[in-house]
1. Which residues, counting only those in the range 280-312, are surrounded by fewer than 13 Cβ atoms within 10 Å (Cβ to Cβ) and either part of a helix (DSSP H, G or I) or of a type in the set (A, V, I, L, M) (or both)?
2. Of the residues in the range 143-198, how many are at negative phi, acidic (Asp, Glu) and either surrounded by 18 or more Cβ atoms within 10 Å (Cβ to Cβ) or part of a loop (DSSP other than H, G, I, E, B) (or both)?
3. Name the residues in the range 294-303 that are in contact (Cβ under 8 Å) with a residue 24 or more places away in the chain and within 26 Å of Met256 (Cα to Cα), would you?
4. Is it true that some residue in the range 110-124 is over 24 Å from Leu68 (Cα atoms) and among the aliphatic types (A, V, I, L, M)?
5. Tell me yes or no: at least one residue of the range 311-333 is closer than 20 Å to Leu375 by Cβ and touching a residue at least 60 places away in the same chain (Cβ under 8 Å).
6. Please find, within the range 100-126, the residue that is modelled with the lowest pLDDT out of those that are part of a loop (DSSP other than H, G, I, E, B) and over 17 Å from Val160 (Cα atoms).
7. Looking at the range 115-132, I want the residues that are more than 19 Å from Arg300 (Cβ to Cβ) and have a partner that is part of a loop (DSSP other than H, G, I, E, B) and among the basic types (Lys, Arg) with Cβ atoms under 8 Å, at least 6 apart or on another chain. Which pairs are those?
8. Considering every residue within the range 127-146, establish whether at least one is farther than 28 Å from Arg218 by Cβ, at pLDDT below 90 and either more than 29 Å from the chain's Cα centre (by Cα) or not assigned by TED's automatic domain parsing to the domain that holds Arg302 (or both).
Amino acid sequence: MSESTNAFEALKLAEPLLRALSRKGYDTPTPIQAAAIPVVMEGKDVLGCAQTGTGKTAAFALPILHQLCPPPQVHQASKSHKPRKPKYRDLRALVLAPTRELAAQIHESFREYGHYARLKSAVIFGGVSQYHQVKALQSGVDILVATPGRLMDLYDQGHVNLDEIEILVLDEADRMLDMGFVKDIRRIITYMPQKRQNLLFSATMPKPIRQLADAILRNPVSIQVDSQALSAAETVKQQICLVQNARKADLLCYMMHNISVSRAIVFTRTKIRADRLTRSLTRENIEAEAIHSDKSQHARTRALARFKRGDLHVLVASDIAARGVDIDNISHVFNFDMPGDPETYVHRIGRTGRAGLEGVAITFVSEDDEKALRLVERHLKQPIEELEHPYDKPEFTRNAKPVKKRRARHPMDKSSRSREPGENKGSAGPRRPRKKRTFEKKTNVKTKSNDGSATPQKGNHSANPKKKPKNNKRRPPRKPDAN
């Protein structure tokens, strides 16, 4: 074995895996790989947390392949004797991913690392016909990578058997939480045997993810590599451009023509803005394609394949591809729209600066993004470098401290008013002179009764003799004239 694989040899991986790593040119494991691989190989549950671009996929793919890899065959004296092939394969490892792109990328990693191992893997996800996926399952697979929705669909149809699962992996658990897959995951777990190994990997570790881990994992080994800092990789140079929202497309075209951009990903907030930006770039003779959830799976796969081969210069994507694109040699990442939270920002810029290479992340900040910019800088614990450009800037001062709005106080609030002379401490205000209230004296009014005697009547009644009493009795109907 060559000297380049000495670091992985220390992890005591199987020989077919070391050959595959040497074939890929990987010589040194990343921190998350060096910490997680030995623990997973021992059969323990793992709660892994590391930032994007640190090699989380290999951290669980290599030890899974090592555990499932069949032992080397003993050389037989008779050449005519051939090893007997099993009639069928039991599904032994299941990997759940939130998006189709990420599932396809994980499956590709299993195929590359297990190139010399006698193991079969398959991937299933929605958006395409299930015919070929069902055919692959019927032929027998050892490792299955799936999205929760398509897995439940095929399980209900009887095409997937989870009774022999030995290892369960939840990759990008925080993303699955955001997409509402937690209930599906809990239902899928009920289909599996209780005695199994569980691995949960995530880029961030919010409170709901810890609650999910407590419900699934059994005495897990926690492995964290720069998780809570929400910091980007050190190989990524971060810059911002203060620009008005209406001039963002012009600024992007200007940068594509004036700076050295070999391969770039542009992230937008919505699908409509992704399509509009793609048309604007095409008009400026910049070859670009958009991928988002409204695109068919065939179109998305074709665009990613062209981008990976280098035939496509710019890939415009919504947040759906923020964690599903694992392509090396991406020189620039452009945040066309400022992300709403630091977590999304870190995942976006994590598409560049991978595998030890340097990258540049440029974020366009408009007049509506002041609050989001301060939030990102607060989590990064450092200001982001500003990049000058010839276009107009928005009207806000970046370094100005936000003015705290005072709460309106009640005019009679004791703490907000100053006491006037003669006012006692603790009183509501200066004492005002009371107005003298005058009362009219009620007189007894004498009314005549039927016998002519006067009877006094209490109360303040009117003494006007001309006023007739109100007659509430109904008048009899008028008789018609005799004529």
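The values are calculated or read from the model by the stated rules, or taken from the named source; none is laboratory data. Here the structure is a predicted model, which means the values were calculated and not measured. Cβ: placed from backbone, ideal geometry, glycine included. Neighbour counts: every protein chain shown.
1. Arg283, His298, Ala305, Arg309 - these are the residues of the range 280-312 that are surrounded by fewer than 13 Cβ atoms within 10 Å (Cβ to Cβ) and either part of a helix (DSSP H, G or I) or of a type in the set (A, V, I, L, M) (or both).
2. Step one: filter the range 143-198 for residues at negative phi, giving 143-157, 159-171, 173-179, 181-198.
Next, from what is left, pick out any that are acidic (Asp, Glu): 153, 156, 163-164, 166, 171, 174, 178, 184.
Those still in the list that are either surrounded by 18 or more Cβ atoms within 10 Å (Cβ to Cβ) or part of a loop (DSSP other than H, G, I, E, B) (or both) too: 163-164, 166, 171, 174.
Total satisfying the criteria: 5.
3. Within the range 294-303, the first condition is being in contact (Cβ under 8 Å) with a residue 24 or more places away in the chain, and the residues that meet it are 296-298, 300-301.
Answer for the range 294-303, where residues must be in contact (Cβ under 8 Å) with a residue 24 or more places away in the chain and within 26 Å of Met256 (Cα to Cα): Arg300, Thr301.
4. no
5. Yes, the range 311-333 contains a residue that is closer than 20 Å to Leu375 by Cβ and touching a residue at least 60 places away in the same chain (Cβ under 8 Å).
6. Checking each candidate, the answer is Arg118.
7. Qualifying pairs under 8 Å: Lys120/Arg89.
8. Residues of the range 127-146 farther than 28 Å from Arg218 by Cβ: 127-140.
From what is left, the residues that are at pLDDT below 90 are 127-128.
Add one more test, that the residue is either more than 29 Å from the chain's Cα centre (by Cα) or not assigned by TED's automatic domain parsing to the domain that holds Arg302 (or both), and what stays is 127-128.
The answer is yes; a qualifying residue exists.
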